[in-house]
Amino acid sequence: MNILSIFVALFGNTRSKIAFDLIVRQHNVFAILNAAERAVECGRTAITVVEFGVAAGAGLLNLCKISQKVTKITGVEIKVVGFDTGAGMPPPRDYRDHPDYYVTGDFPMTDFDALRGRLPANAQLIIGEISQTLPEFIATLSSSAPLAYIVLDVDYYWSSVECLKILAGPSDAYLPLVLLYADDVAYQDHNEWQGEMAAIGDFNKEHAMHKIGRLNNLSQARYFRNATWLTQMYAAHVLDHPRKALERVDGGTAMLGNLYLKWRLPVRQRPAGDNGANKKGRAISPAFSFFPV
Ligand SMILES: C[S@@+](CC[C@H](N)C(=O)[O-])C[C@H]1O[C@@H](n2cnc3c(N)ncnc32)[C@H](O)[C@@H]1O
């Protein structure tokens with residue numbers, strides 16, 4: 001697989017490089033492409049991507065660069081928004097903020113002017129305490145550029161609680177599934193009672209129709225199945241989204257094909273006494289099969 005990666009790195013296109021985890025900050029590039037593809041399925045031409053916790057701005061500029069690549073591939077316009085105090089971490093409030101890891105003033109924005117000067121026209125940097133700046137921003141979210149991806153990287157429990165309020169707005173402000181990368185959930189010390197994981201748990205307790213869970217079936221769909229970022233990827237499911245309404249938006253009837261009927265394939269009968277298990281009693285179910293049986 002590693003040798004194949006070298007070949008893809010040299011000759012592959014953007015999509016294959018993303019599949020082989022060859023673009024820096026793999027979580028961002030996977031999520032933005034995935035979100036843009038979901039937007040196309042929903043008939044959207046623009047989406048919004050948010051980073052909570054910007055610090056020196058490497059993550060925000062990475063999001064901007066990736067967004068440009070993804071817009072080229074998919075045609076979806078991507079608005080990128082970063083939130084930060086600008087002065088580093090605020091004071092922790094209690095044990096849930098991991099005061100064992102972080103102290104007031106950690107991760108300041110080292111050069112605000114330089115960072116702002118590098119931001120492209122589709123990006124915005126909102127400076128201030130998130131509990132103060134976020135409500136006004138939420139009011140601007142709409143179905144014309146629904147929220148599609150969140151990077152949660154504010155480290156503290158209480159800051160994360162504030163950030164996740166972005167998911168409590170009206171349902172059409174979102175794609176039906178909003179991807180969420182939680183940066184601080186992968187150490188052995190991270191747990192459901194502190195930090196970002198605790199904030200996600202509390203969000204779910206408080207919201208009946210917007211729920212955050214781990215992104216399902218992710219590692220099975222990747223070439224590098226043990227990459228850490230796969231364990232940090234969540235999905236916010238907007239259960240009251242218009243596309244999940246009982247009345248299907250796109251109309252029409254879904255149909256399933258049947259190869260047996262199409263090609264008149266014989267249906268093999270099981271001999272008497274064959275109960276579908278091998279001699280040890282284990283069910284016979286090939287992982288991969290070309291032929292219907
Ligand atoms: C680990 S740094 C972010 C690193 C950045 N995402 C990157 O990839 O380079 C965490 C940032 O969260 C910001 N932060 C934490 N709590 C905040 C709050 N309540 N309001 C605004 N910013 C906050 C801090 O200022 C700090 O810069």
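The values are calculated or read from the model by the stated rules, or taken from the named source; none is laboratory data. Only a predicted model underlies this, so the values are computations on that prediction, with no experimental measurement involved. Cβ sites come from the backbone with ideal geometry, for glycine too, and all protein chains shown count toward neighbours.
Exactly one residue among Tyr95, Tyr157 is under 20 Å from the mean Cα position of the chain (by Cα), farther than 29 Å from Arg44 by Cα and among the hydroxyl-bearing types (Ser, Thr, Tyr), and that residue is Tyr157. Only residues that are of a type outside the set (S, T, N, Q), touching a helix residue (DSSP H, G or I) at 6+ places or on another chain (Cβ under 7 Å) and part of a loop (DSSP other than H, G, I, E, B) were counted in the range 118-154, giving 6. In this structure, is Ala87 at pLDDT 95 or above and part of a loop (DSSP other than H, G, I, E, B)? Yes, satisfied. So, of the residues in the range 142-157 that are in contact (Cβ under 8 Å) with a residue 60 or more places away in the chain and surrounded by fewer than 20 Cβ atoms within 10 Å (Cβ to Cβ), which turns out to be farthest from His237 (Cα to Cα)? Among residues in the range 142-157 that are in contact (Cβ under 8 Å) with a residue 60 or more places away in the chain and surrounded by fewer than 20 Cβ atoms within 10 Å (Cβ to Cβ), the one farthest from His237 (Cα to Cα) is Ser144. Apart from one condition, Leu115 fits all of (1) in a helix (DSSP H, G or I); (2) of a type outside the set (Gly, Ala, Ser); (3) surrounded by 20 or more Cβ atoms within 10 Å (Cβ to Cβ); (4) within 17 Å of the chain's Cα centre (by Cα); the exception is (4).
Kindly indicate whether Met89 is near the ligand (Cβ under 9 Å from one of its atoms), free of Cβ contacts under 8 Å to residues at least 60 places away in the same chain and either aliphatic (A, V, I, L, M) or farther than 30 Å from Arg15 by Cβ (or both). The answer is no for Met89.
Need the failing condition index for Ala121 against (1) within 9 Å of the ligand (Cβ to nearest atom); (2) of a type in the set (Gly, Ala, Ser); (3) over 17 Å from Asp184 (Cα atoms), just the number. Status for Ala121: all satisfied but (1).
When Tyr156, Tyr149 are screened for being within 18 Å of Gly57 (Cβ to Cβ), modelled with pLDDT of 95 or more and within 16 Å of the ligand (Cβ to nearest atom), only Tyr149 passes. The set of residues in the range 33-70 that are among the hydrophobic types (A, V, I, L, M, F, W, C), part of a helix (DSSP H, G or I) and in contact with a strand residue (DSSP E or B) (Cβ under 6 Å, 6 or more places away or on another chain) comprises Ala35, Ala39, Leu60, Leu63, Cys64. The residues on offer are Ile47, Ile73, Ile23, and the sole one that is surrounded by 21 or more Cβ atoms within 10 Å (Cβ to Cβ) and among the aliphatic types (A, V, I, L, M) is Ile47. If the condition is being in contact (Cβ under 8 Å) with a residue 24 or more places away in the chain, surrounded by 12 or more Cβ atoms within 10 Å (Cβ to Cβ) and in a loop (DSSP other than H, G, I, E, B), then the range 187-208 contributes Gln194, His207. Filtered by the rule that a residue be in contact with a helix residue (DSSP H, G or I) (Cβ under 7 Å, 6 or more places away or on another chain) and surrounded by fewer than 22 Cβ atoms within 10 Å (Cβ to Cβ), the range 52-66 gives Leu61, Asn62. Evaluating Ala227 against the criteria (1) in contact with a strand residue (DSSP E or B) (Cβ under 9 Å, 6 or more places away or on another chain); (2) modelled with pLDDT of 85 or more leaves one unmet condition, (1).
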